[in-house]
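Report on one structure; see the data block that follows.
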Amino acid sequence: MAGLVWEFKTFGALTKAELYAALQLRAEVFVVEQACAFQDLDGSDDRAMHLLGLHGGELVAYARCFEPGVKFAEASIGRVVTRASVRGTGIGHVLMREAIARLQHGGAQPIRIGAQARLQLFYLQHGFVDVGAPYVEDGIDHLEMLRSG
């Protein structure tokens, strides 16, 4: 998708408007679209690096990135989300490549995720493999997946 601008910020560096846009997109997809009542504000945003994909000034892609030891022993990526209006353009793959690259700034390292099971094939394309028993989180089937680095 041409014209995409990436920003990678700490929680404290996010403007009020950026934080609002991120929370709005997360709620739009994870709560409303997926019809899932869950606690999105999990107390981890302040420990994350926030990857924002902007197109024409609008937030269209977002993910949280964590250094090792925050969510898992390994680095991790979560709250991976794209706006419905840009799905099918490949932006989800671009988002994952950006997130992986940002976490590997100091060299290759393992990355662990808790992925929605329906997205297993998507994550396999980015080098993640299923490493645990399936589990249900907030009423949605999930898999723990690991990318070796």
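A short reminder: the numbers here are calculations on the coordinates, not readings from a lab. As the structure is a prediction and not an experimental result, all values here were calculated from the model. Glycine gets a Cβ as well: all are built from the backbone with ideal geometry, and neighbour counts include every protein chain shown.
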Where does the chain land at 222 nm, in deg cm²/dmol rounded to the nearest 500, when only DSSP H runs of n ≥ 4 count, each adding -39500 (n - 2.57), divided by all residues?
-5500 deg cm²/dmol
Order of Tyr135, Tyr123, Tyr62 - criterion: other Cβ atoms within 10 Å of each residue's Cβ, fewest first
Tyr135, Tyr123, Tyr62
With a Förster radius of 22 Å, plug the Cβ-Cβ distance of Asp40 and Tyr135 into 1/(1 + (r/R0)^6) and report the FRET value to the nearest 0.05.
0.75
Using R₀ = 25 Å, calculate the FRET efficiency as 1/(1 + (r/R₀)^6) where r is the Cβ-Cβ separation of Ser85 and Leu19; round to 0.05.
0.75
Take the chain, connect every pair of alpha-carbon atoms lying under 10 Å apart with a spring to form a Gaussian network, then pick out the residue of Arg79, Arg26, Arg118 with the largest mean-square fluctuation.
Arg118
Multiplying the sequence separation of Glu67 and Arg118 by 0.36 nm and subtracting their Cα-Cα distance, what value in nm do you get?
15.8 nm
Using 7 Å Cα-to-Cβ label points, what is the Ala27/Val5 separation (nm, one decimal)?
2.5
